[in-house]
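Below is one structure, written out as structure tokens; the observations come after it.
The values are calculated or read from the model by the stated rules, or taken from the named source; none is laboratory data. Quantities reported herein were computed from a predicted structural model and do not represent experimental measurements. Please note: Cβ atoms are built from the backbone with ideal geometry, for glycine as well, and neighbour counts cover all protein chains shown.
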């Protein structure tokens, strides 16, 4: 189920911050990460749970690995020097991605759902909400790594935690908004509470799988769950109530007009 658009008839402001976040993520992936090929940069600015827990910058040696398909050997860089203090990686990792599919999926969700929150929060409140909840999501992953006994030296990265918070906030504010999704060889409108709700259920199921010992997925489901919950808990602290009411009235007016 892939969202391709949603109901924007209640728009009262242009989502400049959401566009900026999209651009920064793409710029980091293309320029600094060199389309994901520069692992030295990536491993230096990703969040490493062991570094966050200890407050120390950790550097490890590179390893020579064998590709089981091609049989070729390649060098996998170890952990690289990080910004100081290392807690800054909680922020920098939000703009890094592990591959083309990773960034395109994240940016699609941000494009579809982020503008609605900026619309009712205002530009600066939305930016602060996005960054704050993204870092809280990363901290959730760090905590879960320690509690579950997973490898604390594995870097984590991506905008997924912050975008999960956007989804959590969206679910509370716009549960009846129609979201167009690609589903079973066609485009279908679903209410947001169903589309976003199913997404969260999948995160819970996959997160329980990780709890049971599935350490190889490479996906920080704890960050998704933590970000989603943080978004739901904090969203009303950032919303401008008058803007939310105005956006809802405008949306409802368009809905009523479309029926006549």
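Counting only residues that are assigned to a loop (DSSP other than H, G, I, E, B) and modelled with pLDDT of 95 or more, which one in region 97-126 is farthest from the chain's Cα centre (by Cα)? The extreme case among them is 122.
Do you know which of the residues in region 48-96 that are closer than 30 Å to residue 133 by Cβ and loosely packed, with under 10 Cβ neighbours inside 10 Å is modelled with the lowest pLDDT? Checking each candidate, the answer is 84. The sole residue among 58, 22, 27 that is within 18 Å of the chain's Cα centre (by Cα), closer than 22 Å to residue 220 by Cα and either in contact (Cβ under 8 Å) with a residue 60 or more places away in the chain or assigned to a helix (DSSP H, G or I) (or both) is 22.
Filter region 181-202 down to the residues that are over 14 Å from residue 116 (Cβ atoms), in contact with a strand residue (DSSP E or B) (Cβ under 6 Å, 6 or more places away or on another chain) and crowded, with 17+ Cβ neighbours inside 10 Å and list them by number. Answer for region 181-202, where residues must be over 14 Å from residue 116 (Cβ atoms), in contact with a strand residue (DSSP E or B) (Cβ under 6 Å, 6 or more places away or on another chain) and crowded, with 17+ Cβ neighbours inside 10 Å: 181, 190.
Look at residue 136 and say whether it is at pLDDT 95 or above, within 19 Å of the chain's Cα centre (by Cα), crowded, with 21+ Cβ neighbours inside 10 Å and assigned to a helix (DSSP H, G or I).
The answer is yes for residue 136.
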